[in-house]
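The values are calculated or read from the model by the stated rules, or taken from the named source; none is laboratory data. Values in this document were obtained by computation on a predicted structure and should not be read as measured data. Here the Cβ positions follow ideal geometry from the backbone for every residue, glycine too, while neighbour counts run over all protein chains shown.
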Amino acid sequence: MQNILKNKTISGWLMVSPLAVVLLLFLVLPIVMIVAVSFWRATEFSIIPDFDFENYEFLFGSSVTYRVFINTFKYALITWALTLLIGFTVAYYLAFHIRTQTWQIALFLLCTIPFWTSNIIRMISWIPFLGRNGIANSALMSWGITDEPLEWLLFSDFAVILAFVHLYTLFMVVPIFNTMMRIDKSLIEAARDAGANGVQILWNVIIPLTKPGIMIGTIFVVTLVMGDFITVRFMSGSQSANVGRLISNDIALLQYPSAAATAVVLLLTVLIVIGIMLRFVDIRKEL
């Protein structure tokens, strides 16, 4: 009996070992290296392997850091709210208003078509649309809504958030739609038979059962927005910044220890945010 249990234990470890090696090499080891480099010192000409808190002292002692983090949270919060509203609406329509599975799949694939192209191409495509002489301003002036081009349409926080919503809405639609498709329709019929109206069914039945999908979508959107720097750079015209831009700028200046320290703080911040969210919903039911 002991030999059988021992063989099962060995076979279990052998089955897990390939995945463990992959996670160790491509996840754990890079993070450990980034943490280690974050304590090194950098001069104008060299990087000195050392154990020093200089990078973290500079990071937390600068008011720019706090402003950039606040800006990052602002982008993440507004983008999350808009993607949740749009994603939930689209998923709800596909799950409960489209009766046939064929049409559900067809319309869902239609939603994914824009995401078959590069993120950068889809982001840059907004620039001629929102520009001073772009389609949006031309249409507004031709309709008599404005007398002159709107400057805030491009190279502003509005443009950044618009691009974020465009890029990451699908990451909210997919998990919510997947969760809604698992809802037993008999529960909705039972609520309707009990006298609940559409709003009551939505609030008391559909939304509670959709929370795992909402949480997964939230994790995707928040982490992607907080780490994105290309979108902020292009859509703000380099007039705004987030934490990703700080890291990108440090790397461009070959200040790798400083970039690593900022990356570690960003990673811890994202992990704390995710940890707080997971306190409210058990996403293991969805996984």
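Just so you know, in segment 224-254 the residues that are within 17 Å of Val165 (Cβ to Cβ), surrounded by 17 or more Cβ atoms within 10 Å (Cβ to Cβ) and among the β-branched types (Val, Ile, Thr) include one that is modelled with the highest pLDDT, and it is Val225. For segment 197-237, the set of residues classified as hydroxyl-bearing (Ser, Thr, Tyr), in a helix (DSSP H, G or I) and closer than 24 Å to Asn249 by Cα consists of Thr223, Thr231, listed by residue number. For Ser125, only one of the following conditions fails: (1) small (Gly, Ala, Ser); (2) in contact with a helix residue (DSSP H, G or I) (Cβ under 8 Å, 6 or more places away or on another chain); (3) closer than 23 Å to Ile230 by Cβ. What is its number? Failing condition for Ser125: (2). Pairs linking a residue in segment 147-163 that is touching a residue at least 24 places away in the same chain (Cβ under 8 Å) and closer than 10 Å to Leu130 by Cα to a residue that is basic (Lys, Arg) and part of a loop (DSSP other than H, G, I, E, B), with Cβ atoms under 8 Å and 6 or more positions apart or on different chains, are Leu154/Arg132. Considering Ile70, Ile78, the condition of being more than 22 Å from Leu254 (Cα to Cα), in contact (Cβ under 8 Å) with a residue 12 or more places away in the chain and aliphatic (A, V, I, L, M) is satisfied by Ile78 alone.
Within segment 151-165, the set of residues being more than 22 Å from Ser118 (Cα to Cα), surrounded by fewer than 17 Cβ atoms within 10 Å (Cβ to Cβ) and of a type in the set (A, V, I, L, M, F, W, C) comprises just one member, Trp152.
Matching residues to (1) surrounded by fewer than 20 Cβ atoms within 10 Å (Cβ to Cβ); (2) under 18 Å from Phe115 (Cα atoms); (3) at pLDDT 90 or above:
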{"residue": "Thr169", "(1), (2), (3)": "no, yes, yes"}
{"residue": "Pro175", "(1), (2), (3)": "no, yes, yes"}
{"residue": "Met181", "(1), (2), (3)": "yes, no, no"}
{"residue": "Val222", "(1), (2), (3)": "no, no, yes"}
